[in-house]
Amino acid sequence: MAKKLDNRITKIAASQTIEVDTAAKKLIASGVKVYNFSCGEPDFAAPAFVRQSLVKAFNQGKTKYGASLGDPVLREEITRKLKRDNGLSYNVDNIAVTNGCKQALYNTFCAILNEGDEVIVYSPFWVSYTEQIKLAGGRPRIVRTDKNLEPDIQRTRQAIGSRTKAVIINSANNPTGMVYSRQRLQELAKMFIQHDLYVITDDVYEKLVYDNTKFYSIAQFMKAAKKRVLVINGISKAYAMTGFRVGYVAADKEIIGLINRLQSHSTGNVCGVAQVAAEDVLRRGDEFVEQGRQIFQKRRDLVAGLLKQNKRIKYIEPQGAFYFFIDISEIEKDSSKFCQQLLEQEKVATVPGVAFGQEGHVRISFANKESDLRAGIKKFNLFCKRY
Ligand SMILES: Cc1ncc(COP(=O)(O)O)c(C=O)c1O
């Protein structure tokens with residue numbers, strides 16, 4: 001008899017957002033019209049100039065093995081970005097280039113956690129945090145956000161104990177679209193410094209904020225404890241370059257050294273031509289980002305207008321990212337059942353709240369074209385009405 005497979009991986013769940021997206025794409029491939037509001041991916045193409053970046057990279061011979069931590073030219077560009085956009089001072093040796101923010105986060109957890117260490121994760125949370133923490137041997141400590149979906153100060157204070165090693169902050173937030181206020185981040189920073197915690201800030205949606213909302217990275221308020229801060233960011237969302245798989249970690253040299261050891265034995269360097277494209281968009285992609293931001297803001301307003309007609313749901317209008325996190329508990333508490341029936345009956349794909357640690361909710365992504373949003377949200381409203 002084969003030996004039993006029983007390890008860390010058998011104890012974690014596969015990503016539900018990817019599972020729903022795969023199911024929706026399978027239906028689409030079989031010729032069914034599906035309104036796919038499940039995936040967190042801009043529907044438009046990467047900046048056109050990236051084509052030239054790729055040709056340039058190819059001609060430069062960036063088709064070979066490179067340094068595990070990334071091309072120094074890109075790492076240098078990342079330090080400039082962090083200074084320009086966030087007022088953060090880092091050197092090249094504080095930067096690790098990774099396969100998307102996903103690997104940046106995973107390698108970070110592996111670098112800082114020991115068996116049984118706790119990491120505070122605010123719920124609702126992005127699906128991969130808890131599973132990555134478990135894979136790295138740690139334990140997620142879930143703390144509910146307050147009624148405005150910001151990290152709750154009182155609950156955070158109560159959750160911090162002798163095993164607490166780190167905390168993860170994600171603003172603008174997936175799945176809620178909340179952008180944390182300066183005051184709340186400052187209060188949290190003070191508490192985290194006092195307790196000597198590692199603070200991981202996932203800033204991947206920083207450029208997708210709407211109206212006059214201002215984005216702050218908690219790293220800006222943690223300069224007194226810079227050694228404990230890890231900034232995660234990348235090019236996936238703002239530059240519509242999800243498939244390039246370029247992300248990064250900015251952190252203390254010692255932590256970057258640990259990430260280097262891990263990457264040098266696991267993935268090695270991120271695809272060389274993708275790194276050149278990343279360097280180019282960080283340097284000259286601002287106009288593209290602003291155009292995308294305006295498109296998303298318009299779509300957010302469109303969806304909000306349609307959802308207002310639905311009297312059976314509740315939500316807080318998102319200020320950032322591209323998601324509505326909708327309370328459907330009056331209609332159905334079991335979010336998986338709701339999403340499954342919605343897909344079967346109306347061909348509208350959404351992600352159940354349970355995947356983000358909160359039952360009775362669904363996440364709708366508005367990274368879709370307007371005509372689909374209009375038709376799909378109308379179907380969603382009709383479904384809720386007759387449920
Ligand atoms: C909050 C958050 N962090 C990280 C990621 C991963 O980003 P990447 O595609 O760069 O790996 C995502 C992607 O959905 C996300 O929503």
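Can you tell which of Val20, Val32 is within 16 Å of the ligand (Cβ to nearest atom), β-branched (Val, Ile, Thr) and over 30 Å from His265 (Cα atoms)?
That would be Val20, the only listed residue that is within 16 Å of the ligand (Cβ to nearest atom), β-branched (Val, Ile, Thr) and over 30 Å from His265 (Cα atoms).
Those residues that are over 13 Å from Gly272 (Cα atoms) and open to solvent by less than 30 Å² (accessible area, probe 1.4 Å), I need them from the stretch 47-74; list them, please.
Pro47, Val50
How many residues are touching a strand residue (DSSP E or B) at 6+ places or on another chain (Cβ under 8 Å) and within 10 Å of Asp280 (Cα to Cα) if we restrict to the stretch 47-77?
The total comes to 1.
Run down Asn233, Asn148 and say which single residue is open to solvent by 10 Å² or more (accessible area, probe 1.4 Å) and either outside any helix (DSSP H, G or I) or out of contact with any His (no Cβ under 9 Å at 6 or more places or on another chain) (or both). Write out each step before concluding.
Working: Asn233 fails: open to solvent by 10 Å² or more (accessible area, probe 1.4 Å).
Answer to the selection: Asn148.
Against the definition (crowded, with 21+ Cβ neighbours inside 10 Å and either away from the ligand (no atom under 15 Å from the Cβ) or over 30 Å from Asp211 (Cα atoms) (or both)), how does Phe192 come out, yes or no?
Numbers: crowded, with 21+ Cβ neighbours inside 10 Å: yes; either away from the ligand (no atom under 15 Å from the Cβ) or over 30 Å from Asp211 (Cα atoms) (or both): yes.
Taking the combined requirement at face value, the residue satisfies it.
Kindly indicate whether Met222 is open to solvent by less than 10 Å² (accessible area, probe 1.4 Å), in contact with a helix residue (DSSP H, G or I) (Cβ under 8 Å, 6 or more places away or on another chain), more than 30 Å from Ser53 (Cβ to Cβ) and not basic (Lys, Arg).
It is true that Met222 is open to solvent by less than 10 Å² (accessible area, probe 1.4 Å), in contact with a helix residue (DSSP H, G or I) (Cβ under 8 Å, 6 or more places away or on another chain), more than 30 Å from Ser53 (Cβ to Cβ) and not basic (Lys, Arg).
I'd like the full set of residues that are acidic (Asp, Glu) and either within 16 Å of Thr98 (Cβ to Cβ) or within 21 Å of the chain's Cα centre (by Cα) (or both), limited to the stretch 253-299. I'd like the intermediate steps shown before the answer.
Taking the stretch 253-299 first, the residues acidic (Asp, Glu) are 254, 279-280, 286-287, 290.
Result: Glu279, Asp286, Glu290.
Taking the stated definitions as given, is Arg228 surrounded by fewer than 24 Cβ atoms within 10 Å (Cβ to Cβ) and in contact (Cβ under 8 Å) with a residue 40 or more places away in the chain?
no
Return a yes/no flag: does the stretch 314-325 have any residue that is of a type in the set (Lys, Arg) and either modelled with pLDDT under 95 or in a loop (DSSP other than H, G, I, E, B) (or both).
No; the residues of the stretch 314-325 include none that is of a type in the set (Lys, Arg) and either modelled with pLDDT under 95 or in a loop (DSSP other than H, G, I, E, B) (or both).
Taking the conditions exactly as written (farther than 18 Å from Thr213 by Cβ, at pLDDT 95 or above and either among the charged types (D, E, K, R) or open to solvent by 10 Å² or more (accessible area, probe 1.4 Å) (or both)), does Gln154 satisfy them or not?
Details: farther than 18 Å from Thr213 by Cβ: yes; at pLDDT 95 or above: yes; either among the charged types (D, E, K, R) or open to solvent by 10 Å² or more (accessible area, probe 1.4 Å) (or both): yes.
So Gln154 fits the description; yes.
Would you confirm whether or not the stretch 113-121 contains a residue that is among the polar types (S, T, N, Q) and within 16 Å of the ligand (Cβ to nearest atom)?
Looking for residues that are among the polar types (S, T, N, Q) and within 16 Å of the ligand (Cβ to nearest atom), one finds none in the stretch 113-121, hence no.
Limited to the stretch 85-123, what total is found for residues that are assigned to a helix (DSSP H, G or I) and β-branched (Val, Ile, Thr)?
3
Within the stretch 356-387, work out how many residues are part of a helix (DSSP H, G or I), open to solvent by 10 Å² or more (accessible area, probe 1.4 Å) and touching a Lys or Arg at 6+ places or on another chain (Cβ under 8 Å).
Adding up the residues that qualify gives 3.
Within the stretch 236-277, can you find the residues that are within 21 Å of Asn174 (Cβ to Cβ) and part of a helix (DSSP H, G or I)?
Thr242, Gly243, Phe244
Name every residue in the stretch 89-110 that is away from the ligand (no atom under 11 Å from the Cβ) and within 16 Å of Lys134 (Cβ to Cβ), in order of residue number. Lay out the reasoning, then the answer.
At the first step, the residues of the stretch 89-110 found to be away from the ligand (no atom under 11 Å from the Cβ) are 89-97, 107-110.
Matches in the stretch 89-110: Asn107, Thr108, Phe109, Cys110.
Can you confirm whether Ala172 is open to solvent by less than 10 Å² (accessible area, probe 1.4 Å), within 16 Å of the ligand (Cβ to nearest atom) and assigned to a loop (DSSP other than H, G, I, E, B)?
Taking the combined requirement at face value, the residue satisfies it.
Restricting attention to the stretch 16-31, report how many residues are under 18 Å from Ala355 (Cβ atoms) and of a type in the set (Ser, Thr, Tyr).
Residues that pass the stated criteria total 2.
In the stretch 23-82, what residues are among the polar types (S, T, N, Q) and outside any loop (DSSP other than H, G, I, E, B)?
Taking the stretch 23-82 and keeping what is among the polar types (S, T, N, Q), we get 30, 36, 38, 52-53, 59-60, 63, 68, 79.
Passing the criteria: Asn36, Gln52, Ser53, Asn59, Thr79.
The values are calculated or read from the model by the stated rules, or taken from the named source; none is laboratory data. As the structure is a prediction and not an experimental result, all values here were calculated from the model. Cβ: placed from backbone, ideal geometry, glycine included. Neighbour counts: every protein chain shown. What goes into the accessible areas is simple: the full protein's heavy atoms, side chains included, and nothing from ligands, DNA or RNA. Shrake-Rupley method; radii C 1.70, N 1.55, O 1.52, S 1.80 Å.
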